[in-house]
1. Can you pull out the residues in the stretch 207-226 that are buried (at least 17 other Cβ atoms within 10 Å of the Cβ) and among the hydroxyl-bearing types (Ser, Thr, Tyr)?
2. Of (1) surrounded by 11 or more Cβ atoms within 10 Å (Cβ to Cβ); (2) modelled with pLDDT under 90; (3) in contact with a Ser or Thr (Cβ under 9 Å, 6 or more places away or on another chain), residue 13 satisfies all except one. Which?
3. Please go through (1) among the basic types (Lys, Arg); (2) assigned to a strand (DSSP E or B); (3) closer than 30 Å to residue 298 by Cβ for residue 77 and return the number of the only condition it doesn't satisfy.
4. Within the stretch 194-288, which helices (runs of 4 or more DSSP H) (wholly inside it) include 1 or more residues that are closer than 29 Å to residue 136 by Cβ?
5. In the stretch 250-304, what residues are of a type in the set (Val, Ile, Thr) and either in contact (Cβ under 8 Å) with a residue 24 or more places away in the chain or crowded, with 20+ Cβ neighbours inside 10 Å (or both)?
6. Looking at 155, 133, 196, which is the one that is among the charged types (D, E, K, R), assigned by TED's automatic domain parsing to the domain that holds residue 288 and in contact with a Gly (Cβ under 7 Å, 6 or more places away or on another chain)?
7. Return the pair list, or none, for Cβ contacts closer than 6 Å from residues in the stretch 207-224 that are in contact (Cβ under 8 Å) with a residue 40 or more places away in the chain to residues that are surrounded by 16 or more Cβ atoms within 10 Å (Cβ to Cβ) and in a helix (DSSP H, G or I), at least 6 apart or on different chains.
8. Check off (1) surrounded by fewer than 20 Cβ atoms within 10 Å (Cβ to Cβ); (2) of a type outside the set (Gly, Ala, Ser); (3) at negative phi; (4) at pLDDT below 95 for residue 242 and give me the number that stays unchecked.
Amino acid sequence: MSQDKKTRQAPQTTGHVWDGDLQEYNNPVPDWWLIAFYISIAAAVGYWLVFPAWPIGGTYTKGFDTITYVNDKGVTKTTHWNTRALFLKKTNEAVAAQKPYYTKIANTPFEQIAKDPDLNSFVISAGKALFSDNCAPCHQQGGGGKMGLAPNLTDDDWLYGGHFTQIQQTITNGRHGYMPPFKTVLNDTQMTELADYVLSFSKVPVNPASAQAGNALFHSETAACYYCHGADAKGRTVIGSKNLTDNIWLWANVPAAQTVADKENVIKNVIYHGLDKGVMPAWKDRLSADQIKLLTVYEHDLGGGQ
C-alpha cells in the first residue's frame, strides 16, 4: 500500500529524455488558475460586446450598452456608452443634487445665508469649486492675488467695495480700472515728490520736505490726484481707485523694493505710465445668477467683507 502511494505521487514527465537521464517534468498549473484564466477570457469577450472596443476602418464597435444624458442645450439624448456621455450624465446628477441648495440661496437674503449651517457648508464647498474654475487663474488659489495682475481677496481692502451687492456687481458686470499717464504732465522731481508723499503713509523714511511738496501737488490742480483717490488719499470705491494709505500694494511692488530710491521708482513708474490693465471680465454670460450669488457670499467671507 505504501509503495503504491509513493508510485502515485511520483512526478510525471513529458517523456522527453536528454543525455540518457535528463528528463522534463510535467507540472500542470493548478485547476483554480485555469478556471480563473478561462473566466477572464469570457469577461473580456463580454466587455467587447457591451462596450466600445475594436477599431474597424474609420469607426469602431459601439457595444450594446447605452447611456442617457442631457446635453448643454437641454436636450435629452441616448447614445452608446462612452466616457464623455458618462461624464455628462454624472454632471447632470450633480446639478440635480445641487439645485435645491441653489434655489434656497436664490431666495435667502445675503446676511441670512451664513447663519444657515447647511447653506453655509454648501457655499464653502461649491464656492471653492466655482472659484477654482473661474477666479483662481487671476486671483490664485485661495484668493491671495498676484502683484500687478489681480488684487488679494483675502484681506479687507476692496477696490470697488466689499458689501454683498458691490461684490455681486463686480462679478456680474466686471470692472475696468484706469489711471491716466502723467509722463507729459509732471517732471521727474514732481513724480518723486508724489511718490514720497504716498510712501510717507507707510512709514517709509522719505525726505520730509519732498513728501510735504508731494502733499501739495497731490491736492493741486496740476496733478489733481485727489479727484480719484480722494482728499484723504483713501480711494473711492465708486470708481475703484486705490486706497494709498493702507500699505497694501497691487500695481507698485513696493514691498519687493529694497531701498527708498527703489520704492520711489516703482511708484514713479506707475505715475509715469498710468494704468490700463485693471480689467476683470464680466461673468454674467458664463455663470448663472445663482452661481454668482454663491460666489459673492464665498468671496465676501473669504476676505472678511464689509
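1. Across the stretch 207-226, the qualifying residue is only 210.
2. Exception for residue 13: condition (3).
3. Unmet for residue 77, out of (1) among the basic types (Lys, Arg); (2) assigned to a strand (DSSP E or B); (3) closer than 30 Å to residue 298 by Cβ: (3).
4. Hits in the stretch 194-288: 260-273.
5. Restricting attention to the stretch 250-304, the residues satisfying the condition of being of a type in the set (Val, Ile, Thr) are 254, 259-260, 266-267, 270-271, 279, 292, 296-297.
Matches in the stretch 250-304: 254, 260, 267, 270, 271, 279, 292, 296, 297.
6. It is 155.
7. Within 6 Å, the pairs are 223/217.
8. So residue 242 meets the others, but not (1).
The values are calculated or read from the model by the stated rules, or taken from the named source; none is laboratory data. Because the structure is predicted, anything quoted here is derived from the model rather than measured. Note: ideal-geometry Cβ built from the backbone for every residue, glycine included; neighbour counts use all protein chains shown.
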